[in-house]
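Let me begin by presenting the structure, written as C-alpha cells, before commenting on it.
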Amino acid sequence: MSDLSSLLRDALNDPATGWSLGAFGAIAEFIRDPDEPVVLRSDGPELEARTARGGLRLRPTPAIRPVPYRTRNGSLAVALCLPCHVGAMNRRGVVTELGPDHAAIAEADRGALLFDLGLGVFQTDVCVRSADPATIARLRAVVGTELLAPGNPLPPDLPALSPDRVFIGPFGRIEVSQPIPPPDGRSPEGPHTHVLPKLLAHNRTHAATVPIPDGWVPSLYLSPRAESFAAWEGLGR
C-alpha cells in the first residue's frame, strides 16, 4: 500500500500525468497544463488536484490492483482495479436527484445539487451538478426518466446548460467544469467528458483491448511518465 500511495502521490504532483474515470462509453478525463494554477493536497489519506477547469480526488485503498499496459498506439497506461464485488457503484437506471454535493472537491460547490444521469454504468455514478436555478429546474423536469430514451428533451439542451460533470467511483472522483461541446463540436483542451450512447449500449466496463484480469473492474486510469512505468509494472506483478 505504501508503494502504491507513493506512486499515486508522484503522479498527482506531475502535470504530465493524465487521469480518467468511467467505463466503455462514458469517461471523464482530468488533465492540467504545466503552468496552470493548481491546488494540490497529497499529505493525507485523500489525494486531490483542483484547477479552475476541473478536479481529481482519490483515496487509495489496499484493495486496489494496478494493471500496467501499453495501448494499441504504444502509449503507457495503468488501470487501477478493484474486485468486481467491491468496485460496483449504484447503477441507477433513471435520472435521480441526489441532493447537495457535500463531497465536492471545492468547498464552494458543496451546496450545489447533484443529479445522477441514470446511465447504469457498473463502476461509475455519472452525474451532473449545478447551483443555477434554471438548470436545476430543467434537470428536475426529467427526474425519473431514462436520459437516453428516444424523445427525452434533456440531452439536446445539455451543451447550453453545461452543468459540472461529476464522475464518481469507489475510491475517487473526477469533476469537469468546462463547457459541453455541441454534437458537431470538439472537446475542449484539458478536463472533459465523453458520453457515447452507441458504446454504452454494449454494457461493458472497459474496452476489450484493455487487459483487465477476470473478476476485476477498472475504477480509475492514469497515463504515467515513461520513467515511472517500470515501477508500476513492478507493483502490478
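The values are calculated or read from the model by the stated rules, or taken from the named source; none is laboratory data. Only a predicted model underlies this, so the values are computations on that prediction, with no experimental measurement involved. Neighbour counts are summed over all protein chains in view; Cβ atoms, including those assigned to glycine, are modelled from backbone coordinates with ideal geometry. Note: areas computed on protein heavy atoms with side chains; ligands, DNA, RNA excluded. Shrake-Rupley method; radii C 1.70, N 1.55, O 1.52, S 1.80 Å.
Distances between placed amide hydrogens fall under 5 Å for residue 216 paired with 84, all partners being 5 or more residues away or on another chain. Amide H contacts of residue 30: 19, 20, each under 5 Å away and 5 or more positions distant or on a separate chain (H built 1.01 Å from N in the peptide plane; Pro and chain starts excluded).
When each of the peptides 73-85, 197-209, 159-171, 112-124 is scored by how many other beta carbons lie within 10 Å of its residues on average, the order from highest to lowest is 112-124, 159-171, 73-85, 197-209.
Couplings 3J(HN,Hα) of the range 100-116, computed from phi: x, 7, 5, 8, 4, 5, 8, 4, 5, 8, 6, x, 6, 8, 9, 10, 6 Hz, in residue order, whole Hz [Karplus 6.51 cos²θ - 1.76 cosθ + 1.60, θ = phi - 60°; x for Gly and Pro]. What you get for the range 119-199, charging only the Cβ of Lys and Arg (+1) and of Asp and Glu (-1), is a dipole of about 80 debye around the Cα centre.
Rolling a 1.4 angstrom probe over the protein heavy atoms, how many square angstrom per residue are accessible across the range 78-117?
On the way: 1710 Å² over 40 residues.
About 43 Å² of surface per residue is accessible.
Suppose we take every Cα in the chain and form the convex hull; what volume per residue is that in Å³? If you can, show how the numbers build up before the last one.
Details: hull volume 30.2 nm³, N = 237.
Cα-based convex hull of the chain, divided per residue, equals 128 Å³.
Summarising the label geometry, the points placed 7 Å from Cα in the beta-carbon direction at residue 146 and residue 187 lie 2.6 nm from one another. Determine the shape class of the range 85-195: with a ≥ b ≥ c the square roots of the Cα gyration tensor eigenvalues, call it rounded for a/c under 1.5, and otherwise prolate if a/b is greater than b/c, oblate otherwise. Rounded, because the longest to shortest axis ratio a/c is under 1.5. Across the range 136-191, Cα pairs under 8 Å and at least six residues apart give a relative contact order of 22 percent.
Using a 1.4 angstrom probe, figure out how much accessible area the range 120-233 has per residue, in square angstrom, rounded to the nearest whole.
On the way: 5560 Å² over 114 residues.
Roughly 49 Å² per residue, with all protein chains present.
Derived scalar couplings between HN and Hα for the range 52-59 equal 5, 9, x, x, 9, 9, 9, 10 Hz in order, rounded to whole Hz, by the Karplus curve 6.51 cos²θ - 1.76 cosθ + 1.60 (θ = phi - 60°), x for Gly and Pro. Note on residue 33 and residue 9: their simple-model spin labels are 2.9 nm apart, each label 7 Å out from Cα toward Cβ.
Just check the range 180-237 against the gyration tensor rule for me: Cα atoms, a ≥ b ≥ c as the square roots of the eigenvalues, rounded for a/c under 1.5, and otherwise prolate or oblate depending on whether a/b exceeds b/c. Display every interim value, and only then the final one.
Working: a/c = 3.71, a/b = 1.45, b/c = 2.56.
Oblate shape, in that a/c is at least 1.5 and b/c is the bigger or equal ratio.
In plain terms, if you count all Cα to Cα distances in the range 54-148 and split them into 10 Å steps from zero, the share in each step is 14, 33, 33, 18, 3 percent.
For the chain, what % of the accessible area comes from carbon and sulfur atoms, probe 1.4 Å?
Numbers: 5970 of 11310 Å².
Using a 1.4 Å probe with all protein chains present, the chain comes out at 53 percent carbon and sulfur.
In the chain, the DSSP-assigned H stretches of four residues or longer account for a calculated mean residue ellipticity at 222 nm of -5500 deg cm²/dmol, using -39500 (n - 2.57) per stretch and the full residue count as denominator. Modelled this way, with points 7 Å down the Cα-to-C-beta line, the labels at residue 137 and residue 91 are 3.7 nm from one another. Each residue of the range 31-48 was assigned a 3J(HN,Hα) from its phi angle through the Karplus expression (A = 6.51, B = -1.76, C = 1.60, θ = phi - 60°), giving 9, 9, 7, x, 9, 7, x, 9, 9, 10, 9, 9, 10, x, x, 9, 10, 9 Hz with x at Gly and Pro.
Given +1 at the Cβ of Lys and Arg, -1 at the Cβ of Asp and Glu and no other charges, the dipole of the chain around its Cα centre is 560 debye to the nearest 20. Suppose R0 equals 25 Å; then what is the FRET efficiency for residue 201 and residue 71 from their Cβ-Cβ distance, rounded to the nearest 0.05? The formula returns an efficiency of 0.60 here.
Taking only the C-alpha atoms of the range 16-94, Rg followed by Dmax gives 14.6, 40 Å.
Going by average Cβ neighbours within 10 Å, how do the peptides 102-111, 210-219, 24-33 rank, with the highest at the top? Please list the in-between numbers first.
On the way: 102-111: 14.3, 210-219: 16.5, 24-33: 21.4.
Ranking the peptides 102-111, 210-219, 24-33 by packing returns 24-33, 210-219, 102-111.
Placing unit charges on each Cβ (+1 for Lys and Arg, -1 for Asp and Glu) gives the chain a dipole about its Cα centre, and among 16, 208, 187 the Cα reaching farthest toward its positive end belongs to 208.
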